[in-house]
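Data block below; observations after.
The values are calculated or read from the model by the stated rules, or taken from the named source; none is laboratory data. Computed from a predicted structure; not experimentally measured. Because the Cβ atoms are built from the backbone with ideal geometry, glycine has one as well, and the counts that use them run over all protein chains shown. The protein model used for the area step is the full one, side chains on, heavy atoms only, and it has no ligands, DNA or RNA in it. Shrake-Rupley method; radii C 1.70, N 1.55, O 1.52, S 1.80 Å.
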Amino acid sequence: MKILPAAALAAMLAQPATADPFEDFGTAMKYGLPLAAAVCAARDDRLEDFAIRGALQAVVVLGLKTWLDGTPISVRPNGEGRGFPSGHSASAAFGAADLAGKCFPDDRAAGIGLYGAAGLTAASRVHAGEHTMQQALTGALIGFGFGAADFGIGTEGASFSVGMRF
């Protein structure tokens with residue numbers, strides 16, 4: 001069991017000296033929120049619909065990045081291209097919307113936390129200088145739309161659910 005603390009220490013030391021915790025949080029949410037949503041989708045026997053929506057969300061984001069590369073809207077704050085829309089924001093919002101609308105539909109606190117984490121992910125991309133506010137917001141809206149949707153594949157029917165009922 002002494003190997004676990006040693007491995008944790010090695011992982012911490014391997015981090016870049018200039019690692020930004022806010023940027024790291026956004027990257028963790030890019031993967032963590034969709035992964036948690038996938039676990040919930042598998043538990044609720046709706047993994048096929050989840051996977052198709054996730055794949056379409058990724059295709060839309062990557063397609064827009066490719067199609068609009070070289071245009072002013074796609075220029076990142078650092079001058080590089082392929083910035084529109086933010087993939088981190090889209091992925092985090094996709095996971096948050098799926099979780100809030102399908103796994104915790106009546107839990108306001110969970111919805112606030114999930115959407116808050118997705119919003120912070122978008123903000124972290126702007127903070128890191130990787131995207132403009134418009135690029136991050138557009139990514140979040142794309143992810144939100146696909147995450148809140150339900151195509152009805154393997155379920156009772158198509159729907160759109162955002163959770164957080166008031």
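Odds and ends about this structure:
- Evaluation of Thr132 against (1) modelled with pLDDT of 95 or more; (2) of a type in the set (S, T, N, Q); (3) closer than 20 Å to Leu33 by Cβ (one fails), failing number: (3)
- Scan of segment 33-65 for residues that are free of Cβ contacts under 8 Å to residues at least 60 places away in the same chain and not in a helix (DSSP H, G or I), ordered by number: Asp44
- Subset of segment 122-136 (residues that are surrounded by fewer than 24 Cβ atoms within 10 Å (Cβ to Cβ), part of a helix (DSSP H, G or I) and touching a helix residue (DSSP H, G or I) at 6+ places or on another chain (Cβ under 6 Å)): Val126, His127, Met133
- Of all the listed residues (Gly113, Gly70, Gly119), the sole one being more than 20 Å from Phe151 (Cβ to Cβ), of a type outside the set (D, E, K, R), buried (at least 17 other Cβ atoms within 10 Å of the Cβ) and out of contact with any Ser or Thr (no Cβ under 6 Å at 6 or more places or on another chain) is Gly119.
- Residue tally, condition under 27 Å from His131 (Cα atoms) and crowded, with 16+ Cβ neighbours inside 10 Å, over segment 28-49: 8
- Checked against the criterion of being closer than 9 Å to Ala90 by Cα and either open to solvent by less than 30 Å² (accessible area, probe 1.4 Å) or in a loop (DSSP other than H, G, I, E, B) (or both), the candidates Gly139, Gly163, Gly157 yield just one match: Gly139.
- Condition check for Pro16: open to solvent by 60 Å² or more (accessible area, probe 1.4 Å), more than 20 Å from the chain's Cα centre (by Cα), at pLDDT 95 or above and not hydroxyl-bearing (Ser, Thr, Tyr): no
- Within segment 73-92, the set of residues being open to solvent by 70 Å² or more (accessible area, probe 1.4 Å) and free of Cβ contacts under 8 Å to residues at least 40 places away in the same chain comprises Glu80, Arg82.
- Number of positions in segment 99-110 that are in contact (Cβ under 8 Å) with a residue 60 or more places away in the chain and either outside any helix (DSSP H, G or I) or farther than 19 Å from Ala149 by Cβ (or both): 1
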